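All remarks here apply to the structure that follows.
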Amino acid sequence: MSSLAMRTISLKEHETSFEALSPAELDDLLRSDLVRLSPGRGGTYGIRPAAVVGTAVLPNLRLRIEPKLAVGNLVFLLAYGLGIARLGDGEFPYEAEDPISAALAWLYANQARFALRRGLVRGYEHREETVEAPIGAIRFAHQFARRQSLPHPIECSFEEFTTDTQMNQILRAAHSLLLRRSDVSPSVHSLLRHQMQALQDVKHVHFGPTRVPNPSFSRLSEHWRSPIGLARLIIEGAGVNHREEALSAPAFTINMNQLFERFITAV
């Protein structure tokens, strides 16, 4: 169904709303992990959000789940849980009824801006490539199997010092997701687009919402801990569980249980 033809159901965290649902809408909600359903009166269904807040786009329905907390307080919990001491220059206009994802995009872009002042982290990545001149170690088995008696090109394996690291791939994936969203403010969109220039040599990798790596940090990469934490949250929140599949949709959700766990752990 076209997103323009969908209806939007607005819910409140931990509150039950009663709605009449079409068979397609009912199937969408039953197949998602976002709400709990119970029978109501007159053919309606009680819809109670699970431990998530945010927006979601299902095949036949849009959901908007508002947190009980003000967005400013929710972002504070998030920032505290990630160990972010400084939120950035200026303040996000929380009173302007922007979705949670817009506030998170503002926070992420500002944290990335601070980290970029010290530059992207480079690292050694293992490469196995076909080259014209030998570099690193020649892969003799592959060379003979693929080239037989031909001397060129050469199958080699080597370690390359590059910005195309897993950490930077996570950043690029988060930037790409946010740049496709319509609720990101023009100023944040411009900042993200400018930051993508630093990531132009990093390949785009699609990370599933449940398969986002959690890289380790060293003294040289510690300044990227907060942006990477936010980037992982953005990628994880951009997927909606639909049975075994992950639906790619212009959506963002935050698991409130996990958010409070991060906050309490930090405290």
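Tell me the residue from VAL188, VAL240 that is modelled with pLDDT of 90 or more and farther than 25 Å from HIS126 by Cα, please.
So the residue among VAL188, VAL240 that is modelled with pLDDT of 90 or more and farther than 25 Å from HIS126 by Cα is VAL188.
I'm told VAL212 meets every condition in (1) hydrophobic (A, V, I, L, M, F, W, C); (2) farther than 26 Å from TYR124 by Cβ; (3) part of a loop (DSSP other than H, G, I, E, B); (4) under 12 Å from the mean Cα position of the chain (by Cα) except one. Can you identify the failing condition by its number?
(2)
Tally the residues that are exposed (fewer than 12 other Cβ atoms within 10 Å of the Cβ) and either in a helix (DSSP H, G or I) or touching a strand residue (DSSP E or B) at 6+ places or on another chain (Cβ under 6 Å) (or both), restricting the search to the range 11-29. Spell out the reasoning first.
First, the residues of the range 11-29 that are exposed (fewer than 12 other Cβ atoms within 10 Å of the Cβ): 20, 22-23.
Add one more test, that the residue is either in a helix (DSSP H, G or I) or touching a strand residue (DSSP E or B) at 6+ places or on another chain (Cβ under 6 Å) (or both), and what stays is 20, 23.
Result for the range 11-29: 2.
Give just the number: which of (1) over 30 Å from ASP33 (Cα atoms); (2) touching a helix residue (DSSP H, G or I) at 6+ places or on another chain (Cβ under 8 Å); (3) among the aromatic types (Phe, Trp, Tyr) does TYR108 not satisfy?
(1)
Which residue is surrounded by the most Cβ atoms within 10 Å (Cβ to Cβ), if the candidates are limited to the range 155-176 and must be farther than 16 Å from ARG122 by Cα, of a type outside the set (Asp, Glu) and out of contact with any Gly (no Cβ under 9 Å at 6 or more places or on another chain)?
Going through the qualifying residues, I end up with ALA174.
Does the range 1-10 hold any residues that are in contact (Cβ under 8 Å) with a residue 12 or more places away in the chain and exposed (fewer than 15 other Cβ atoms within 10 Å of the Cβ), and which are they?
Hits for the range 1-10 are MET1, SER3, ARG7, THR8, SER10.
Please enumerate the residues belonging to the range 43-69 that are free of Cβ contacts under 8 Å to residues at least 24 places away in the same chain and on the phi > 0 side of the Ramachandran plot.
GLY43
Rundown of residues vs (1) of a type in the set (S, T, N, Q); (2) open to solvent by 30 Å² or more (accessible area, probe 1.4 Å); (3) under 15 Å from ALA103 (Cα atoms), yes/no style:
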{"site": "LEU37", "(1), (2), (3)": "no, yes, no"}
{"site": "GLY43", "(1), (2), (3)": "no, yes, no"}
{"site": "VAL53", "(1), (2), (3)": "no, no, yes"}
{"site": "PRO59", "(1), (2), (3)": "no, yes, no"}
{"site": "LYS68", "(1), (2), (3)": "no, yes, no"}
{"site": "PHE76", "(1), (2), (3)": "no, yes, yes"}
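Looking only at the range 177-195, which residues are in contact (Cβ under 8 Å) with a residue 12 or more places away in the chain, within 17 Å of ARG113 (Cβ to Cβ) and buried (at least 16 other Cβ atoms within 10 Å of the Cβ)?
LEU178, VAL184, SER185, VAL188, LEU191, LEU192, GLN195
The values are calculated or read from the model by the stated rules, or taken from the named source; none is laboratory data. No experiment lies behind these values; they were computed from the predicted model shown. In this analysis, Cβ positions are derived from the backbone assuming ideal geometry, glycine residues included, and neighbour counts consider all displayed protein chains. Calculation scope for accessible area: heavy atoms of the full protein, side chains included, ligands and nucleic acids excluded. Shrake-Rupley method; radii C 1.70, N 1.55, O 1.52, S 1.80 Å.
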